[in-house]
Amino acid sequence: MRRRVDGITVARDADGVSVLEAVVALLLGFLLIALILSVLSRQRETVAVLGERAEALATGRTVRTLLRREARAMGMDAWGFSSDSLSIRAFRGMGTVCPHAAGGLVVPVTSRGVRGPDPSKDSVMVVTAEGAVLYRGLMRVQGGAGVCVVAGGAGSWDVWTVSDTVPPGVILVRYFERGSYHLSVSALRYRRGRAGRQPLTPETLRTPESRFTHGGVGLHAHLLPKRRSTAVPVDVFIGRGGP
């Protein structure tokens with residue numbers, strides 16, 4: 001079917017819809033689809049940005065929690081640091097030495113901590129009654145094999161074998177592993193001894209721009225998210241420490 005509109009012959013189908021009207025409707029449909037896709041793309045981008053910001057803040061909380069815990073455990077013990085790493089004595093527990101211990105290589109100890117002593121990775125800091133501090137390797141832990149008679153009666157204590165003799169009068173031991181925290185490969189990572197660096201956070205950081213710094217009041221971690229366009233630095237105060 002055809003009819004003239006303002007001097008133009010317009011073709012219509014059997015339902016009375018012109019070809020021009022169909023083309024316009026098709027174009028409007030394409031525009032609507034493009035608009036919807038644009039809105040969805042922006043929505044996905046916004047969600048991604050918010051997710052990355054949330055991950056950056058969560059990473060900051062993780063860094064703060066872990067390193068403050070280590071700082072409290074170390075007390076006045078110094079730790080070494082560079083812009084991307086912290087080398088520490090990671091204390092995992094402490095023990096009370098039987099007051100009747102004669103010293104030597106074998107020491108009866110009752111201990112407590114975040115985990116038990118492990119000769120495969122731990123060393124021992126020994127504190128004498130005079131306040132002297134000695135360091136020894138932990139060679140063996142024999143559970144429940146020692147007996148110490150104290151004011152509360154006899155009890156079962158573990159026996160620790162150390163790498164070198166300790167003097168009589170030792171009152172306290174602390175066991176620790178050598179470790180280091182690193183801002184590398186987009187995450188905070190922990191390395192025990194010479195083992196590999198294990199990630200403790202998602203890989204959301206920009207490295208090596210993220211770094212540790214040392215000021216007059218303590219150590220800080222300056223963390224930068226990967227996404228530069230929405231980078232929100234997270235500054236974490238860890239606590240007092242020494243280089």
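Quick notes
- Residues of the stretch 181-212 with amide N under 18 Å of the 7 Å Cα→Cβ point at Ala48: 203-206
- Sequence-ordered 3J(HN,Hα) estimates for the stretch 45-53 from the Karplus curve with 6.51, -1.76 and 1.60 and θ = phi - 60° stand at 5, 5, 4, 5, 4, 4, x, 5, 5 Hz, glycine and proline given as x.
- For the stretch 101-137, the residues whose amide N sits under 15 Å from a probe point set 7 Å from the Cα of Leu172 along the beta carbon direction are 110-113, 125-135.
- Backbone amide hydrogens, once placed in the peptide plane, bring Gly104 within less than 5 Å of Val166, excluding anything fewer than 5 places away on its chain.
- Heavy-atom accessible area per residue - the stretch 161-224, 1.4 Å, Å²: 46
- Residues whose amide H comes within less than 5 Å of that of Cys148, counting only those at least five positions distant or on another chain, are Gly155, Trp157 (H built at 1.01 Å from N in the peptide plane).
- Extension gain (nm, one decimal) between Gln198 and Thr65, 0.36 nm per residue minus Cα-Cα: 46.2 nm
- For the stretch 61-136: accessible area per residue (Å², 1.4 Å): 50
The values are calculated or read from the model by the stated rules, or taken from the named source; none is laboratory data. These numbers were taken from a predicted model, which means no experiment stands behind them. Reconstructed Cβ throughout: ideal geometry from the backbone, glycine too, with neighbour counts over all protein chains shown. In case anyone asks, the SASA skips ligands and DNA or RNA and just uses the protein heavy atoms, side chains included. Shrake-Rupley method; radii C 1.70, N 1.55, O 1.52, S 1.80 Å.
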